[in-house]
Structure formats: structure tokens, C-alpha cells
Amino acid sequence: MAAGIADTRISRQDYLQGELASEIRHEYLAGNVYAMSGGTLNHQRVAGNQLVGKPCFPTGSDFKLQVPLGGGEEAF
């Protein structure tokens, strides 16, 4: 960590609670939170086209997926 930068890790519960009130979506990675950029209509079209005929599907930006990272860490 760079000198002068405080540890800003937050709990999963605090992250999820904050997401309920925030107009901006964030990514949670092992206790660190990062603002996500907004998608475009063309981006959604490309994502949908890449999945045609596959057993998966695109979701909107309000969908949250929990991913275990190992060592007790997780991402959303």
C-alpha cells in the first residue's frame, strides 16, 4: 500500500447495504470497493449477440453475483 493511503476495506454487509442506497453501482473485491462505469446500448447488444445459442444469458447492471476468491475473500 502506498504511503499515506489508509486501509479502506469494508465488510460485505456494509457494501451490500450501501449498494441499496447508491445510484452508482460498485464492484466489491476482497473488501475494496470500486465504482463501475456505465454500460452503453451498443455494449449490451454486443454482449447479447455473443451469447446467442449458448446456455447462458446477459443480465442488467442491477444483477449482483457473489464469487468466492479463496482464503475467505469474495467479490461481487
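Observations on the structure shown:
- Vicinal HN-Hα couplings computed from phi for the stretch 64-76 (Karplus, 6.51 cos²θ - 1.76 cosθ + 1.60; Hz; Gly/Pro x): 10, 10, 8, 10, x, 9, x, x, x, 8, 8, 9, 10
- Amide H contacts under 5 Å for H26, placed H, 5+ residues apart: M36
- Here the stretch 12-75 is treated with +1 on each Lys and Arg Cβ and -1 on each Asp and Glu Cβ, and its dipole about the Cα centre works out to around 340 debye.
- Whole-angstrom Cα spans of the stretch 12-75 along principal axes, big to small: 36, 28, 15
- Value of relative contact order over the stretch 29-76, rounded to a whole percent, pairs C-alpha under 8 Å and six or more apart: 46
- Seen against the Cα atoms of the chain and their longest principal axis, helix 12-21 is set at about 60 degrees.
- Acute angle (nearest 10 degrees) that the helix 41-50 long axis makes with the longest principal axis of the chain, alpha-carbon atoms: 70
Each value in this text was obtained by applying a stated rule to the coordinates, not by laboratory testing. Keep in mind the model is a prediction, meaning the values are calculated, not measured. Every residue, glycine as well, gets a Cβ built from its backbone with ideal geometry; the counts of neighbours run over all protein chains shown.
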